[in-house]
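A quick write-up on the structure given underneath.
The values are calculated or read from the model by the stated rules, or taken from the named source; none is laboratory data. All values derive from a computational prediction rather than experimental measurement. Backbone-built Cβ (ideal geometry, glycine too); neighbour counts: all protein chains shown.
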Amino acid sequence: MDSSKAEQLLEKYWMCETSLEEEQQLREFFLSKDAPESLKATAAMFRFFDAEKNKSVNENFEPTVTKQLRRRQGGKIVSMVSFANIARIAAGIMVVVAAAYFIKQEIRKSYPQELQDTYTDPEMAFEETKKALMMISNSFGKAKHEAEKMKVFNEAERKIQNKENQQKGII
Amino acid sequence: MNLETFQARVFPVKNKLFRFAFRLLGSSEEAKDVVQEVFIKIWNGREQLGEIQNIEAWSMRITKNLSLDRLRQQNRRPTDSLEKGLHIQNETLSPYENTEISESMKRIDELMASLPEKQRQVMHLRDIEGYSYSEIGEIMEIDMSQVKVNLFRARNAVREKLQKINNYGL
């Protein structure tokens with residue numbers, strides 16, 4: 001590439017109209033040839049770009065990183081703090097479950113064995129049912145008696161109210 | 001993905017990541033830390049790596065984000081990266097770089113360091129790394145028109161300064 005072509009390309013470069021290939025051509029031009037005096041500073045710029053592209057991280061970088069990655073190869077490391085928290089919660093749940101189990105056992109032992117199945121003996125089943133129904137019936141009877149008392153109160157209240165209304169009407 | 005596949009697919013981009021992080025941070029040690037962090041991040045998420053179309057652009061994007069996070073944490077801008085830049089060139093160096101850096105190239109380094117952050121990023125990705133506009137958009141998470149606008153401004157700023165340098169001589 002001659003100087004005039006380079007200058008043309010350079011103009012395109014400043015306007016951001018060059019392709020990557022054309023920019024590479026410019027770089028090669030300024031690296032390989034003595035640029036005209038007027039473009040000395042521009043040549044320095046392209047030489048700078050080229051020098052920068054050759055910068056590399058130092059050699060012991062890769063082994064150091066590899067060592068670190070190898071340490072992490074087993075997957076995510078669970079921190080001891082979170083493990084301790086999980087263990088604490090698990091221990092709590094175990095205590096509650098064990099306590100519930102033993103309490104249930106205690107209740108079972110101490111609960112009086114009054115209620116037994118009667119399905120093997122129809123007569124006894126009948127008696128039990130009768131007893132249960134009688135109990136319900138008695139309860140109903142009691143409730144009715146109490147409700148009647150309430151009725152008396154309601155009646156009294158109504159009468160008082162009527163009387164009050166009548167008096168208000170008179171006044 | 002096993003370690004060998006990871007090394008084969010991801011490790012080759014290490015220098016590009018390093019250069020990008022260095023451009024943003026202006027410190028080789030910090031840039032190295034960031035690249036290391038990027039690799040560990042990618043390794044931890046290696047199960048999802050199959051879903052990523054362009055691993056290189058994705059790695060560059062993580063590098064950019066982690067570098068900018070660091071700058072934000074430290075509440076600083078790497079405006080004075082020239083000396084640090086020369087320092088890095090003394091320790092991380094390919095044979096080419098072992099040659100003495102000319103005064104003019106130092107000035108270009110200064111010019112680039114003085115550009116606003118986005119313009120500096122775009123110029124680095126295009127003029128040093130040779131990425132296409134769409135790749136730059138993917139890395140920087142901006143659309144293509146924004147890429148072009150930033151590149152145009154960056155090149156124009158550099159051009160103006162180069163003309164001044166040319167007038168006064170290098």
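Return the residues of region A:6-51 that are farther than 20 Å from residue B:163 by Cα, out of contact with any Asp or Glu (no Cβ under 8 Å at 6 or more places or on another chain) and in a helix (DSSP H, G or I); say none if nothing qualifies.
A:20, A:21, A:22, A:24, A:25, A:28, A:32, A:50
I'd like the full set of residues that are free of Cβ contacts under 8 Å to residues at least 40 places away in the same chain, of a type outside the set (Gly, Ala, Ser) and more than 8 Å from chain A (Cβ to nearest Cβ), limited to region B:28-47.
Answer for region B:28-47, where residues must be free of Cβ contacts under 8 Å to residues at least 40 places away in the same chain, of a type outside the set (Gly, Ala, Ser) and more than 8 Å from chain A (Cβ to nearest Cβ): B:29, B:33, B:34, B:37, B:38, B:41, B:42.
Identify the residue in region B:1-27 that is more than 8 Å from chain A (Cβ to nearest Cβ), assigned to a helix (DSSP H, G or I) and at pLDDT below 90 and, among all such residues, is surrounded by the fewest Cβ atoms within 10 Å (Cβ to Cβ).
In this case the residue turns out to be B:4.
Take region B:125-162 and flag every residue that is facing chain A (nearest Cβ under 8 Å) and either aliphatic (A, V, I, L, M) or more than 16 Å from residue A:19 (Cα to Cα) (or both).
Scanning region B:125-162 gives B:128, B:151, B:156, B:158, B:159, B:162.
Select the helices (runs of 4 or more DSSP H) contained entirely in region B:108-170, then report the ones holding at least 2 residues which are touching a residue at least 60 places away in the same chain (Cβ under 8 Å) and crowded, with 17+ Cβ neighbours inside 10 Å.
Numbers: elements: B:117-123, B:133-140, B:144-168.
Output list reads B:117-123, B:133-140.
Among the listed residues B:19, B:9, identify the single one that is under 14 Å from residue B:62 (Cα atoms), out of contact with any Gly (no Cβ under 8 Å at 6 or more places or on another chain) and of a type in the set (Lys, Arg).
Details: B:9 fails: under 14 Å from residue B:62 (Cα atoms).
The conditions single out B:19.
Can you confirm whether residue B:35 is among the β-branched types (Val, Ile, Thr) and closer than 22 Å to residue B:118 by Cβ?
Working: among the β-branched types (Val, Ile, Thr): yes; closer than 22 Å to residue B:118 by Cβ: yes.
So residue B:35 passes the test.
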